[in-house]
Amino acid sequence: MLKGLKRLYAGDNQLVNEKDEEFTFITSLTNCSGLEHLSMGNNQFSARILSEDTNNSRTQTNSLAIRGSIGYVAPEYGMGANTSTYGDVYSYGILLLEMLTGKRPSDDMFKNNLNLHQFAKMALRERVMEIIDHRLLSHEDEVIRQSENHNKLRSIMYETLVSLLKIGVYCSNDSPKERMEMKDVVIEMHKVRDIYLSAEKW
């Protein structure tokens with residue numbers, strides 16, 4: 001279990017409890033308390049990223065001000081758009097895709113019009129397991145190996161990962177109007193959590 005990945009952004013800078021050894025990657029990922037805070041219109045992702053970079057770059061142009069966050073900041077901000085919850089959704093989507101794939105949006109492989117969003121979108125849904133960072137699933141893999149119902153559990157795991165990847169892709173669309181709203185992200189994350197926890201019946 002990668003403790004660093006439990007540091008999922010949670011609205012008021014709260015961190016998931018790292019001492020809870022039973023708190024797996026997916027259960028921590030689908031903990032939506034911080035997302036519910038953001039869904040109420042508090043565009044803290046975007047405002048914080050842009051304000052920090054701007055404060056550190058007062059004498060530079062706006063395009064240079066967001067250089068340190070390229071890949072995470074919504075593309076409309078590069079054209080001077082105001083911060084918004086749509087920008088938060090984009091940042092969350094990219095972060096989610098990075099956590100699932102283990103790849104940063106600035107990795108060298110992303111060039112010639114290929115980015116992390118497109119990389120994940122092309123994998124849906126038949127190639128999902130090819131791009132998932134399997135280091136995240138060490139706990140789940142061990143449970144599946146020891147279970148008599150390993151086929152059913154593997155199917156639940158696959159549907160969980162597909163659902164998470166879809167959320168990341170929908171959230172990181174270039175067009176703000178094509179992104180999910182944060183309240184819908186919370187709803188979908190709750191559904192994913194329920195799918196994942198249904199494995200306990202097996």
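The values are calculated or read from the model by the stated rules, or taken from the named source; none is laboratory data. Bear in mind that the values here come from a model prediction, so they are computed numbers and not experimental data. Note: ideal-geometry Cβ built from the backbone for every residue, glycine included; neighbour counts use all protein chains shown. Accessible surface areas use protein heavy atoms only, side chains included; no ligands, DNA or RNA. Shrake-Rupley method; radii C 1.70, N 1.55, O 1.52, S 1.80 Å.
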Please count how many residues of the stretch 158-191 are outside any helix (DSSP H, G or I) and touching a helix residue (DSSP H, G or I) at 6+ places or on another chain (Cβ under 6 Å). 4
Within the stretch 116-142, which residues are more than 21 Å from residue 104 (Cβ to Cβ), part of a helix (DSSP H, G or I) and in contact with a helix residue (DSSP H, G or I) (Cβ under 7 Å, 6 or more places away or on another chain)? 140
Exposed (fewer than 13 other Cβ atoms within 10 Å of the Cβ), more than 24 Å from residue 200 (Cβ to Cβ) and aliphatic (A, V, I, L, M) - does that describe any residue in the stretch 117-131? yes
Can you name the condition, by its number, that residue 148 falls short on among (1) in a helix (DSSP H, G or I); (2) more than 30 Å from residue 83 (Cα to Cα)? (1)
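What residue, among those in the stretch 172-185 that are at pLDDT 90 or above and in contact with an Asp or Glu (Cβ under 9 Å, 6 or more places away or on another chain), is farthest from residue 73 (Cα to Cα)?
Here the residue is 180.
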Filter the stretch 99-116 down to residues that are hydrophobic (A, V, I, L, M, F, W, C) and surrounded by 15 or more Cβ atoms within 10 Å (Cβ to Cβ), then give me how many there are. 4
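So is residue 94 open to solvent by less than 40 Å² (accessible area, probe 1.4 Å), touching a Pro at 6+ places or on another chain (Cβ under 6 Å), within 30 Å of residue 162 (Cβ to Cβ) and at pLDDT 90 or above or not?
On the way: open to solvent by less than 40 Å² (accessible area, probe 1.4 Å): yes; touching a Pro at 6+ places or on another chain (Cβ under 6 Å): yes; within 30 Å of residue 162 (Cβ to Cβ): yes; at pLDDT 90 or above: yes.
It is true that residue 94 is open to solvent by less than 40 Å² (accessible area, probe 1.4 Å), touching a Pro at 6+ places or on another chain (Cβ under 6 Å), within 30 Å of residue 162 (Cβ to Cβ) and at pLDDT 90 or above.
Please go through the stretch 182-196 and pick out each residue that is open to solvent by less than 80 Å² (accessible area, probe 1.4 Å), in contact (Cβ under 8 Å) with a residue 24 or more places away in the chain and not aromatic (Phe, Trp, Tyr).
First pass over the stretch 182-196, keeping only residues open to solvent by less than 80 Å² (accessible area, probe 1.4 Å): 182, 184-186, 188-190, 192, 195-196.
With in contact (Cβ under 8 Å) with a residue 24 or more places away in the chain added as a condition, the list becomes 182, 185-186, 188-190, 192, 195-196.
Scanning the stretch 182-196 gives 182, 185, 186, 188, 189, 190, 192, 195.
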